[in-house]
Each structure stands twice: as structure tokens, then as C-alpha cells.
Ligand code: DCP
Ligand code: MG
Ligand code: MN
């Protein structure tokens, strides 16, 4: 959190956008998803503006900016702050809850529970709380896991995994998705999709994943597994997926060789003036059969808001979109629960899924909302 998430600081509305996104985060914490989405949409619309938006009237005229967001925009331009955001950010209990939910594996329910029990610090939690194995790692590596990954390091981590993957099976294809694919200059984690030509089921890739994970674990690149999901019969929400942490070997840090990258380095990892310490990074490995690659690319590129609007659009058209494909002839009951699985329309080709949905193609860089 913090910093301009994917927003270039030279954007004339950068500061306002950042505050709107922080406001959205606050409402997310409160479980107020409707408000969260409104502020995110407004931030995204503002990002498209070539000039600085100064007034309520200018803001409200922009598509996807509602009354509340327009008020906040004017307030911020006039006063340099959003009072509502300040109040939320200054509330000590809300602050504490936000802090606790920065622990990997901790959500708002868990955080509120701890606060009710009187815990106020990480040490309280460490000493008194019952922790799941994931939460324990979240606490032990709290600072690392809350440090964003510079884009160049995402690339270096990806390259490392690609080399290991190719040495096991030269035919696999790896694609970095998530915020990286959307062009972000830093990411919360690294999401890697793994596929191979001719595959139609994740079963055909599981042996490969096992080998890759053991190789990378043996050499010390993967440091811990957080969760592994295996596809079960009834479960179409998760394909095979491996989640854990990794560290980049020191000599693979971008720019370490004094190359161009070091010259215009904007990374947090500054060589020379700071003792190098390997930073634990969150990594997700996702198995995707070739027949589902298009749908998986859409899903794992996100962002989550964009995905939700694509799924809603599919629903409106009597279809269903998930990370495995676009399905037609879905029959729903009155509560909108689906009664059948429908027929696969398209899974493999990202562009064709857009086309079948009747929406014009959006480059990954344009999928921030
Ligand atoms: N995703 C989703 N709904 C969720 C969680 C994830 O649709 N509730 C999809 C969209 C995300 C992608 O999965 O872009 C990867 O999830 P991440 O949590 O890794 O999010 P990002 O990569 O987008 O951002 P970050 O930089 O924080 O990792
Ligand atoms: Mg990610
Ligand atoms: Mn992820």
C-alpha cells in the first residue's frame, strides 16, 4: 500500500488519484464494497484525464465519476486533503485493524477478533495469539512481505523461474500475469502462469509443477510453501496452483552488473549504500492447460474489478466466464444461481473471449478497472 500504484507521478491528477485509491482501501477494510468500487472507478476515470481536474463540475462531467467522488476531488484540490480519509486514517482502531491485516493470512474478521482480545502490537500477536502456519510466516517476514516488488525484480524473479522450468521441460511456456502484465511499476507478488502446447487438463502439468517446485526449493529459491491447491472434481474455481515465497539470488538482482539498469535505478534495492539482504517475495505458480489459456490470462491479469465487470457482462448475456472459459446457454433460477454448466464457447483465445462477449479488446495495460 501507499505510493502511486501503477499511476505515474507525472500524471496531473496523481495525488488525487492516490487519495481516492486510499479511500477505496479504507472502504474495502470496512467491507463496503459498493463505496470501494465507486472510488476505484473514479480513480481509474481520473487517470485517463490529460489535464488536472479542479472542480466538482469538471469531475462530475466525467463518465464513471459519481457525486461523492466528485466532491472528494474538489475538496482535495482546494484543501490538500480528504477529511473523510483523514478521519478514517486517524482512527486508532481502524489503523490497528489495517495494520494487522497487513499480516499475510489475516483478514478483517481475524484482526477485529485480536483487537477485541486486547492485542495491540505484532509482539502481542506473536506471544499470545494462536497462529496458523501461514500467519506465522506472515509475522516472521512482515516487513519483507509488505514491501512492493520493483518491476525489474519481478522480471528477474520470472527469468529465474523460466530458466529452471526450461531445464526440466524445454516446451513449457511461462507468462507473468497479475499487476505486472497490467504494466505496474511495482507488484505485491509475482503471478506466473505455466502452460504447454497440446495440454487440455492441468493433470498433464502436475508432474512438471512438482518437479519445478522441488528443484526451486532444493536450490533455495523457494523458501516456503503457503498453500497448494489441487483441482478436485467439483471445484472449478481453482486450477492447480502453488503459493509460497521466494528469494532472488544476490547476483541476479537487476542492475547488479553496473548495466543501464543500475544507472537509472529507481529500485528500493540500492547497492553500495545499503547492506544487501535477500527479500522474501510472494509467488503464485498457476497451472493452465493450453485449452484454457485465454480465460486464465483474463482472470490472472485482472484486476479484480475488471474481472468482476467481465463476469457480470457474461451473466447479462446468458453466459458465464471463469478462469477456465466462457460458457453459453447457462440456465439460472430466480435467485440467479446457475442450474447447469452450459457449453464451452471459448477458452483458449483471449481476444476471442472479448469478441464473444461483444466488448472491444482491452490491452492488459488498460485493465485497471
Ligand atoms: N483475482 C481476482 N479476484 C480476486 C483475487 C485475484 O479476480 N479476489 C485475479 C485478478 C488479479 C489476479 O487474480 O489481477 C492476481 O491476483 P493478485 O492478488 O496477485 O493481484 P494483482 O497481481 O492484480 O496485484 P498485486 O500487485 O497486489 O499482486
Ligand atoms: Mg499479483
Ligand atoms: Mn497473486
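Coordinate-derived values only; no laboratory data. Predicted model only: the values in this text are computed from it and were never measured. All Cβ positions, glycine included, derive from the backbone under ideal geometry; neighbour counts span all protein chains shown.
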For the ranges 351-364, 308-321, what's the packing order if you count other beta-carbon atoms within 10 Å of each residue, average per peptide, and put the highest first? 308-321, 351-364
Protection proxy (average C-beta count within 10 Å per residue), highest first, orders 202-208, 46-52 as 202-208, 46-52
Share antiparallel - DSSP beta bridges, the chain, percent rounded to 5: 85
Burial ranking of peptide ranges 333-339, 70-76 (average Cβ count within 10 Å, highest at the top): 70-76, 333-339
